[in-house]
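The values are calculated or read from the model by the stated rules, or taken from the named source; none is laboratory data. Predicted model, so just to flag it, every value in this text is computed and none were measured. As a convention, Cβ positions derive from the backbone with ideal geometry for all residues, glycine included, and neighbour counts pool all protein chains shown. Note: areas computed on protein heavy atoms with side chains; ligands, DNA, RNA excluded. Shrake-Rupley method; radii C 1.70, N 1.55, O 1.52, S 1.80 Å.
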Amino acid sequence: MDVDALRAGTPGCRHRIHLNNAGAALMSQTTLDAVVGHLRLEAEIGGYEAAGAAAGRVAAVYSGLAELLGGRADEIALFDNATHAWQAAFYAVPLRAGDRVLTGRNEYGSNVLAYLQAARRVGAEVVVVPNDEHGQIDTQALAALIDDRTKLIGLTHVPTAGGLVNPAAAVGRVARAAGVPYLLDATQSVGQFPVDVTEIGCDLLCGTGRKFLRGPRGTGFLWVRDGILDRLDPHIVEIQSAEWDGARGFGWVPGARRFATWELNYAAVLGLGAAVDQALNLGLVEIGKRNAELGDRMRGLLEDTPGVTVYDLGREQCAIVTAKLDGVASERVVARLAEYGVNVTGTVPAHQQFDTEDRDPPPLVRFSPHYYNTEDEVEHAAALVGAMVNKPL
C-alpha cells in the first residue's frame, strides 16, 4: 500500500490530521470527481438524461458492493443512509405481541430506539444478551436465550463508541442453527476490514458509504439474502419496489430492490461506486491489516499516557479508539484538537443505551485512523492529548 500516493490523491490530507473516519472519512479525488462530474452532467443535459447516460456505471455500483460483501448484485438495495437501510430491514420483520428480538449491549442507539418502538407498538419483547468476559456479545448466552418466540437477532458488528469487534460469525452460527433471521449493522466495519456475508452467516446487512468506505455522505446500502425474502414484508411499497397487477393488487419485485425507493441521488451513488472500487483495488485484507496496526498504535499510545483511560472492549479490536482524559471534558478535548488541525469526535451514552446498563461509560473522545493516516499523525495526536492532561493547551 503506497500511503504517500493515497495521501496525494486525498485533498483533505493537505490541511488536516483526520482521525474521524468512524464519522466520515476523507474522500479521494477520484470519488470527488465522480460526484462532481455527474452533477455537472445533470446541469448540462438534465437529471433523467444524465441518469440514463450513467446507467451502466450505476449498475456497476450494485456489482461492486456485491463483490465487496461476497453476495450478488440482486441482493443489494441502495439508500440515502445506513439508518434507512437498517430500518427497511427491521420493520420488514413481522412482529406480534410476545415475539422476541435478541440484541447485544453494544447495539447502536437508533437501532435500540426502533426495538423500543416495536415493543411499544405491538408488545414485542427486547432481550439484551449479556457480554462475555471480554465485553463482546456472549454467544453461549445468546444460544440459551433463543426460543420459539425469537423472531430476530440484531447485532452491531462494531459499536459507535469503541474498538470492539463483535464475533459476528459466531453469532451467525448460532442464528443458523436456530433458524432465526440475523440482521447485522456493519456500518463501522464495511470498508475498515473484510466483511463477508457468507462467512458471517447473516441474513441482512446494512452499511454506509461515508465512513471507512470513504464515499460521500447520503449513501447507504442493504444486503438481503435471497432465501430470507419470503419471511419479510417490506414496510414501504412504491413503484420501484413493487409492480401493479393491473387491478387492485401488486407483487414485490425480485430481490432486494423491493426494499428500495425509485429516487436516488445518482451523483452520490456514483461517488459510492468509485469509493467501493478503490477499496476493492487496494484489497480489504491489506486495508484491514493497516487499520488494525494504526488502531493498535493509537490505543497503545493513549494507554501509556498518564491521566488517560481507554474504554475499548473486546477480544478483537479495530481502528476505533475511545478514551477519557482526567479532569478535561471530552467536548473540550475535541474542540482543542480541532484548533490544532486534528479531527476527532465525541461519543455520548445515549448512542449506545444498553451499554449504560452495564458499565455506564461517560462521554468519550473517539479517535479513528484510516489507512491513509500516518504513524506520525497518530503520534502527534497522542502527544497533544498528553499535553492537555498535564497542562491544558
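Could you tell me which numbered condition Gly327 fails, if it satisfies all but one of (1) over 28 Å from Ala275 (Cβ atoms); (2) modelled with pLDDT of 95 or more?
In the conditions (1) over 28 Å from Ala275 (Cβ atoms); (2) modelled with pLDDT of 95 or more, Gly327 misses (2) alone.
Mind checking which residues of the range 1-42 are more than 23 Å from Leu270 (Cβ to Cβ), part of a loop (DSSP other than H, G, I, E, B) and in contact with a helix residue (DSSP H, G or I) (Cβ under 7 Å, 6 or more places away or on another chain)?
Met1, Leu19
Hey, does the range 373-393 have a residue that's in contact with a helix residue (DSSP H, G or I) (Cβ under 7 Å, 6 or more places away or on another chain), open to solvent by less than 10 Å² (accessible area, probe 1.4 Å), farther than 26 Å from Ile287 by Cβ and modelled with pLDDT under 95?
Yes, the conditions are met somewhere in the range 373-393.
If we keep just the residues of the range 292-346 that are part of a loop (DSSP other than H, G, I, E, B), hydroxyl-bearing (Ser, Thr, Tyr) and under 16 Å from Met388 (Cα atoms), which is most open to solvent (accessible area, probe 1.4 Å)?
Tyr340
Which of the residues belonging to the range 347-372 are in contact (Cβ under 8 Å) with a residue 12 or more places away in the chain, charged (D, E, K, R), open to solvent by 20 Å² or more (accessible area, probe 1.4 Å) and touching a Pro at 6+ places or on another chain (Cβ under 9 Å)?
Asp358, the sole residue that qualifies.
For the range 44-53, does any single residue satisfy the condition of being of a type in the set (A, V, I, L, M, F, W, C), over 17 Å from the mean Cα position of the chain (by Cα) and at pLDDT below 95? I'd like the intermediate steps shown before the answer.
Taking the range 44-53 as the starting set, the residues that turn out to be of a type in the set (A, V, I, L, M, F, W, C) are 45, 50-51, 53.
Those left that are additionally over 17 Å from the mean Cα position of the chain (by Cα): 45, 50-51, 53.
If we keep only those that are at pLDDT below 95 too, we end up with none.
No, the range 44-53 contains no residue that is of a type in the set (A, V, I, L, M, F, W, C), over 17 Å from the mean Cα position of the chain (by Cα) and at pLDDT below 95.
Among the residues of the range 235-269, what is the count of those that are of a type outside the set (A, V, I, L, M) and over 30 Å from Ala53 (Cβ atoms)?
Keep residues of the range 235-269 that are of a type outside the set (A, V, I, L, M), which gives 235, 238, 240-241, 243-246, 248-252, 254-255, 257-259, 261-263, 265-266.
Those still in the list that are over 30 Å from Ala53 (Cβ atoms) too: 235, 245-246, 248-251.
So the answer is 7.
Considering only residues that are open to solvent by less than 20 Å² (accessible area, probe 1.4 Å) and within 30 Å of Tyr371 (Cβ to Cβ), look in the range 249-273 and name the one that is nearest to the chain's Cα centre (by Cα).
Leu272
Which ones in the range 164-175 are crowded, with 20+ Cβ neighbours inside 10 Å and aliphatic (A, V, I, L, M)?
Scanning the range 164-175 gives Leu164, Val165, Ala168, Val171, Val174, Ala175.
Report every pair of residues separated by at least 6 positions or lying on different chains whose Cβ atoms are under 7 Å apart, first residue within the range 236-255 and without any contact (Cβ under 8 Å) to a residue 12 or more places away in the chain and more than 22 Å from Asp226 (Cβ to Cβ), second open to solvent by 100 Å² or more (accessible area, probe 1.4 Å) and aromatic (Phe, Trp, Tyr).
Correct list of pairs: Trp244/Phe250.
Of Ala77, Ala73, which residue is hydrophobic (A, V, I, L, M, F, W, C), surrounded by 23 or more Cβ atoms within 10 Å (Cβ to Cβ) and under 21 Å from the mean Cα position of the chain (by Cα)? Quick ask: steps written out before the conclusion?
Details: Ala73 fails: surrounded by 23 or more Cβ atoms within 10 Å (Cβ to Cβ).
Testing whether each residue is hydrophobic (A, V, I, L, M, F, W, C), surrounded by 23 or more Cβ atoms within 10 Å (Cβ to Cβ) and under 21 Å from the mean Cα position of the chain (by Cα) leaves just Ala77.
Condition (residue is within 18 Å of the chain's Cα centre (by Cα), open to solvent by 10 Å² or more (accessible area, probe 1.4 Å), farther than 24 Å from Leu282 by Cβ and at pLDDT 95 or above) applied to the range 204-221: is it met by at least one residue?
No, the range 204-221 contains no residue that is within 18 Å of the chain's Cα centre (by Cα), open to solvent by 10 Å² or more (accessible area, probe 1.4 Å), farther than 24 Å from Leu282 by Cβ and at pLDDT 95 or above.
Tell me which of these Ala143 doesn't satisfy, since it passes every other one: (1) under 27 Å from Phe221 (Cβ atoms); (2) out of contact with any strand residue (DSSP E or B) (no Cβ under 8 Å at 6 or more places or on another chain).
Result: Ala143 fails condition (1) only.
Suppose we filter Ala161, Ala89 for residues that are under 24 Å from the mean Cα position of the chain (by Cα), under 30 Å from Glu263 (Cα atoms) and surrounded by 20 or more Cβ atoms within 10 Å (Cβ to Cβ); which single one remains?
Working: Ala161 fails: under 30 Å from Glu263 (Cα atoms).
The match here is Ala89.
Quick check on the range 125-149: of everything there that is closer than 24 Å to Thr83 by Cβ and β-branched (Val, Ile, Thr), which residue is surrounded by the most Cβ atoms within 10 Å (Cβ to Cβ)?
So the residue we want is Ile137.
Answer yes or no: is there a residue in the range 220-228 that is aromatic (Phe, Trp, Tyr) and in contact (Cβ under 8 Å) with a residue 60 or more places away in the chain. Before you say what the answer is, go through the steps one by one.
Keep residues of the range 220-228 that are aromatic (Phe, Trp, Tyr), which gives 221, 223.
Applying the additional criterion that residues be in contact (Cβ under 8 Å) with a residue 60 or more places away in the chain yields 221, 223.
Taking every residue of the range 220-228 in turn, at least one turns out to be aromatic (Phe, Trp, Tyr) and in contact (Cβ under 8 Å) with a residue 60 or more places away in the chain.
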